[in-house]
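Trainee: Structure incoming, see below.
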Amino acid sequence: MAAHIQERIKRLIIDQRLPSGAPLPTETELMELLGVSRNSVREALKALQAMGIVEIRHGFGTYVGPMSMAPMIEGLIFRTVAGHYRGEDSLLELLELREAVETGLIARLAGRIPEADLAELEAVVRRMEAEAAEGSVRAETDRAFHAALYGSLENSLLSEVLEAFWDAFHRVRTDLVDVPTDPRVTCKQHREILESVRSGDALRAEEAIRDHFGNIRIRLRSAHRE
């Protein structure tokens, strides 16, 4: 019954083409519309809020939520942490998921990234090189590179999914495993990714991405053994 009410509220949002932030009918209106009790409506709204589909603003009403990837990120993080403490290679599995997605996309970018995006990537790599000279590359800079790399695909859902994978992996890795990094290698690998897509060599680009993730995998396994 609860799931059925949730589905009807979601269908209401879809049918009325309500954007994020749009107000939903009041609890009383939903009770009448759906023919259910107030408690049933409240439980359904709470469940939908946990999914980011609606947002309950106490004292103001209920609105269409941001529909972000936050619940997905938290689910990935929890699953990975729980698996790690059960002795599973859950962090490596998450890394392999990121690698599979990025490897599958990189060939589409080789030789097709607009000059403005190439300039942005060049600026990020130079920032990496400056940070490496000071001893370490910041995680935010690494993240900016991968976000800019796929930006020209103009796929907002893809960008959100990649951000979710990146965020989950790095948050869990930081909490669970102390992975030593060589900033010079980090810079070299990102420079190679950039040059390969700039040159239009799809095979070289795929190899550069695989090398990058392969290096992370080796460091993760080394950290686990320690």
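Trainee: Mind checking the dipole of the stretch 54-139: about its Cα centre, +1 per Lys or Arg Cβ, -1 per Asp or Glu Cβ, Debye to the nearest 20?
Mentor: 300
Trainee: Compute and list, largest first, the equivalent-ellipsoid semi-axes of the stretch 34-107 from the alpha carbon gyration tensor, each √(5λ) rounded to a whole angstrom.
Mentor: 35, 17, 10
Trainee: If you keep only loop residues by DSSP, which trypsin sites (Lys or Arg not before Pro) in the stretch 1-85 have at most 12 other Cβ atoms within 10 Å of their Cβ?
Mentor: Sites meeting the loop and neighbour criteria: 17.
Trainee: Given a 10 angstrom Cα cut-off, can you work out which residue in 61, 214, 111 is the most mobile in a GNM of the chain?
Mentor: 61
Trainee: Moving to a separate point now. If you keep only loop residues by DSSP, which GluC sites (Glu not before Pro) in the stretch 56-117 have at most 14 other Cβ atoms within 10 Å of their Cβ?
Mentor: Sites meeting the loop and neighbour criteria: 88.
Trainee: For the chain, with only Lys/Arg (+1) and Asp/Glu (-1) charged at the beta-carbon, what is the dipole magnitude about the Cα centre, in debye rounded to 20?
Mentor: In total the dipole reaches around 420 debye.
Trainee: Quick check: net charge around residue 72, other residues with Cβ under 14 Å of its Cβ, Lys/Arg +1 and Asp/Glu -1?
Mentor: Every neighbour counted, the sum reads -1.
Trainee: Right, here's the next one. For the pair residue 79 and residue 195, how long in nm is the line joining their label points, each one 7 Å along Cα→Cβ?
Mentor: Rounded to a tenth, the inter-label distance reads 3.8 nm.
Trainee: How large is the dipole of the stretch 1-85 about the Cα centre if only Lys and Arg carry +1 and Asp and Glu carry -1, each at its Cβ, rounded to the nearest 20 debye?
Mentor: So the dipole magnitude of the stretch 1-85 works out to roughly 120 debye.
Trainee: Follow-up. Just check the stretch 88-226 against the gyration tensor rule for me: Cα atoms, a ≥ b ≥ c as the square roots of the eigenvalues, rounded for a/c under 1.5, and otherwise prolate or oblate depending on whether a/b exceeds b/c.
Mentor: prolate
Trainee: When the chain is treated as a GNM, springs tying every alpha-carbon pair under 10 Å, which of 23, 71, 183 comes out with the largest mean-square fluctuation?
Mentor: Comparing 23, 71, 183 in a Gaussian network model of the chain, the most mobile one is 23.
Trainee: At a Förster distance of 22 Å, what's the computed FRET efficiency of residue 63 paired with residue 158, Cβ-Cβ distance as r, to 0.05?
Mentor: Given R0 = 22 Å and the Cβ-Cβ separation, E is 0.25.
Trainee: While we're looking at this one, here's another question. By its C-alpha gyration tensor, with a ≥ b ≥ c as the square roots of the eigenvalues, how is the stretch 180-226 shaped: rounded for a/c under 1.5, else prolate for a/b larger than b/c, else oblate?
Mentor: The shape class here is oblate.
Trainee: Can you give the angle from 0 to 90° between the axis of helix 115-133 and the longest principal axis of the chain, with both taken from C-alpha atoms, to the nearest 10?
Mentor: Around 70 degrees separate the two axes.
Trainee: Of 66, 49, 158, which is farthest on the positive side of the dipole of the chain, counting Cα position, with +1 on Lys and Arg Cβ, -1 on Asp and Glu Cβ, and the Cα centre as origin?
Mentor: Going by the Cα projections, it comes out as 49.
Trainee: Which angle between 0 and 90 degrees, to the nearest 10, do you get for helix 183-199 versus the longest principal axis of the chain when only C-alpha atoms count?
Mentor: Its long axis makes an angle of about 80 degrees.
Trainee: For the stretch 121-171, state which trypsin sites (Lys or Arg not before Pro) are in a DSSP loop and have at most 16 other beta carbons lying within 10 Å of their beta carbon.
Mentor: 138
Trainee: Moving to a separate point now. Calculate one ³J(HN,Hα) per residue across the stretch 148-154 by plugging θ = phi - 60° into the Karplus curve 6.51 cos²θ - 1.76 cosθ + 1.60, and present them in order as whole Hz with x for glycine and proline.
Mentor: Along the stretch 148-154, the couplings run 5, 4, 9, x, 5, 6, 6 Hz.
Trainee: With each run of n ≥ 4 DSSP H residues scored as -39500 (n - 2.57), what mean residue ellipticity at 222 nm is computed for the chain after dividing by its residue count and rounding to the nearest 500 deg cm²/dmol?
Mentor: Counting only the DSSP helices, I get -24500 deg cm²/dmol.
Trainee: Using 1/(1 + (r/R0)^6) with R0 = 25 angstrom and r between the beta carbons of residue 4 and residue 70, what's the FRET efficiency to the nearest 0.05?
Mentor: The value I calculate is 0.50.
None of the figures in this text is laboratory data; all of them are computed from the coordinates on show. Computed from a predicted model, the values in this text were never measured in an experiment. We place every Cβ from the backbone using ideal geometry, glycine too, and count neighbours over all the protein chains shown.
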